[in-house]
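Following: one structure in structure tokens, then a few remarks.
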Amino acid sequence: MKKGIKIAAIMLLAFIAVQFWRPAEIEYSTPTKNLTDVPEEVNTILRNSCFDCHSNTTNLSWFDKITPANFIVSSHINDARKVLNFSDWDNLNKQKQNSLLFYAFNKILSGEMPLKSYTALHPSARLDDRSIAILKNYVSSKAVRKIKPEISPLTSAADQDNIILHKTITDYTKVKPALNKISYIPDFRNWKAVSTSDRFDNGSMRIIFGNSVAVKAIEENQTNPWPDGAIFAKTAWKQKTEKDGTVSAGAFIQVEFMIKDSKKYQSTKGWGWARWKGNDLKPYGDNANFDQECIACHNPVKNNDYVFTTPLRLKKFNSYNKSK
């Protein structure tokens with residue numbers, strides 16, 4: 001009995017002592033006003049389910065302040081604010097505001113947000129069906145276009161020829177490399193399409209192509225991390241709404257490349273990043289450090305090897321066995 005009491009006393013003293021070990025101080029209590037030009041009911045939902053991590057106004061429960069829980073809480077809040085801090089809302093332009101809401105809502109729909117570990121201890125932050133419906137209606141109302149049921153990536157063979165093949169470029173060897181020395185890869189047009197995305201929030205659409213290494217990784221479900229040699233080409237166009245309401249690819253915007261080489265690109269999270277804009281394929285960026293912007297954008301999916309794309313389910317089919 002005495003031994004048990006002694007062990008309990010030691011554990012209690014250790015628990016008390018460790019409470020003096022605290023994470024670095026971060027801003028918790030700066031008041032964050034409601035988001036400008038956002039309906040009151042939407043503000044209420046965001047404040048209740050998002051602000052504790054995604055603003056400078058954090059209402060910590062008593063158990064959030066206990067070591068070691070406070071280290072976990074502090075880390076989550078720091079990471080969340082880097083991605084989206086509603087306290088900075090008024091410093092963003094309208095397009096950026098809409099894009100962030102679109103991104104946040106998709107995280108909610110996918111079940112990633114709010115974090116299940118957070119709602120387990122803060123059940124009031126859970127989003128019910130009504131709240132999700134309110135957010136969906138609001139995000140949809142901010143879209144550049146209204147969501148249509150039919151989307152046709154390419155309207156015709158002629159459009160495909162004009163949009164994808166960049167007929168304004170006749171000699172791809174004259175396309176300048178990106179400022180970080182990555183060269184343009186014209187052969188991506190022969191790669192397999194591995195995914196598409198409809199950015200109705202900013203009126204653009206994308207087709208993502210993967211080279212043979214990326215396709216093989218998808219077939220074999222070896223995508224986190226992606227193998228060295230995998231390359232993605234994300235092509236983007238403005239959306240064009242037809243008279244019948246369908247949406248097709250309009251003016252070409254840009255093509256982006258992600259090239260996986262964990263050693264060569266170790267300083268940029270294992271990926272080489274490059275982007276060319278417009279029909280003249282002008283390299284993006286003001287200096288060679290433009291790729292830090294790419295990394296910052298992809299940081300929310302660092303646990304998915306910095307890749308947003310959810311690839312189509314590709315299967316590898318063997319040739320038909322005639323003897324069967």
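The values are calculated or read from the model by the stated rules, or taken from the named source; none is laboratory data. Keep in mind it's a predicted model, so treat the numbers as computed, not measured. A quick note on method: Cβ atoms are made from the backbone with ideal geometry, for glycine too, and the neighbour counts reach across all protein chains shown.
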Review point. Assuming Ser319 fulfils every condition listed in (1) more than 16 Å from Phe188 (Cβ to Cβ); (2) among the hydroxyl-bearing types (Ser, Thr, Tyr); (3) modelled with pLDDT of 85 or more apart from one, which condition is it?
Key: (3)
Practice item. Mind telling me which of the residues Asn56, Asn70 ends up being over 24 Å from Ile134 (Cβ atoms) and modelled with pLDDT of 85 or more? Key: Asn56
Review point. Based on what the data block shows, is Pro39 surrounded by fewer than 10 Cβ atoms within 10 Å (Cβ to Cβ) and at pLDDT 80 or above?
Key: no
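Residue by residue, here is whether (1) more than 19 Å from Ile259 (Cβ to Cβ); (2) of a type in the set (S, T, N, Q); (3) modelled with pLDDT of 90 or more; (4) out of contact with any Ser or Thr (no Cβ under 9 Å at 6 or more places or on another chain) holds:
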site	(1), (2), (3), (4)
Asp171	yes, no, no, yes
Val175	no, no, yes, no
Ala178	no, no, yes, yes
Ser183	no, yes, yes, yes
Phe209	no, no, yes, no
Lys216	no, no, yes, yes
Phe232	no, no, yes, no
Review point. Could you give every pair whose Cβ atoms fall below 7 Å, whose first residue belongs to the stretch 211-239 and is closer than 17 Å to Asn304 by Cα and touching a residue at least 60 places away in the same chain (Cβ under 8 Å), and whose second residue is hydroxyl-bearing (Ser, Thr, Tyr) and part of a loop (DSSP other than H, G, I, E, B), counting only separations of at least 6 or pairs across chains?
Key: Phe232/Thr309
Practice item. Report the residue count in the stretch 76-129 for those that are basic (Lys, Arg) and under 18 Å from the mean Cα position of the chain (by Cα). Key: 4
Study note, to complete from the structure: Per the filter on the stretch 270-289, residues part of a loop (DSSP other than H, G, I, E, B) and surrounded by fewer than 17 Cβ atoms within 10 Å (Cβ to Cβ) are Gly278, Asn279, Asp280, Asp286, Asn287
Check your understanding: When you go through (1) touching a strand residue (DSSP E or B) at 6+ places or on another chain (Cβ under 6 Å); (2) closer than 16 Å to Tyr306 by Cβ one by one for Trp276, which number turns out not to apply?
Key -> (2)
Practice item. For the stretch 49-70, indicate whether the set of residues that are touching a residue at least 24 places away in the same chain (Cβ under 8 Å) and either closer than 29 Å to Met205 by Cβ or basic (Lys, Arg) (or both) is non-empty. Key: yes
Review point. Can you name the condition, by its number, that Pro311 falls short on among (1) closer than 29 Å to Arg81 by Cα; (2) part of a loop (DSSP other than H, G, I, E, B); (3) in the same structural domain as Trp226 (by TED's automatic domain parsing)?
Key: (3)
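Test Lys264 against the stated conditions and say whether it is modelled with pLDDT of 95 or more and exposed (fewer than 14 other Cβ atoms within 10 Å of the Cβ). Please lay out each step first, then the result.
Working: modelled with pLDDT of 95 or more: yes; exposed (fewer than 14 other Cβ atoms within 10 Å of the Cβ): yes.
Yes, satisfied.
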